[in-house]
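Read the structure below first, then the notes.
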Amino acid sequence: MITRRNCPICDKALPDVQAAADRHFPFCSARCREVDLFRWFDGRYAVVEDIDPDLSMEMSDFPHPPGSPDR
Ligand SMILES: [Zn+2]
């Protein structure tokens, strides 16, 4: 039985050959794999839901909102 997989980041359907190649599995590309990695590093994986990979990459550049007080 063949199970269709989707990329957990962008929800793009993964072709069977992609799983066989196992290069970025279970992601569709190295980009999505890195996005997943950044989410774990930021410790907010559970918070992020439908954010676009590009947007997620930009957000990772700003760990603290500008203008926020230290305490
Ligand atoms: Zn993807």
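Read-outs throughout are calculated quantities, based only on the coordinates presented, and are distinct from any laboratory measurement. Small disclaimer: the values here were computed from a predicted structure and weren't measured. Quick reminder, even Gly has a Cβ in these numbers, built from the backbone with ideal geometry, and neighbours come from all protein chains shown.
Tabulated values for the structure
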{"quantity": "Difference of contour (0.36 nm per residue) and Cα-Cα distance, ARG5 to ASP42", "calculated": "10.8 nm"}
{"quantity": "Inter-probe distance in nm under a simple model that places probes 7 Å from Cα toward Cβ, at HIS24 and LYS12", "calculated": "0.6"}
{"quantity": "Amide H partners (placed H, <5 Å) of ARG5, local residues excluded", "calculated": "LEU14"}
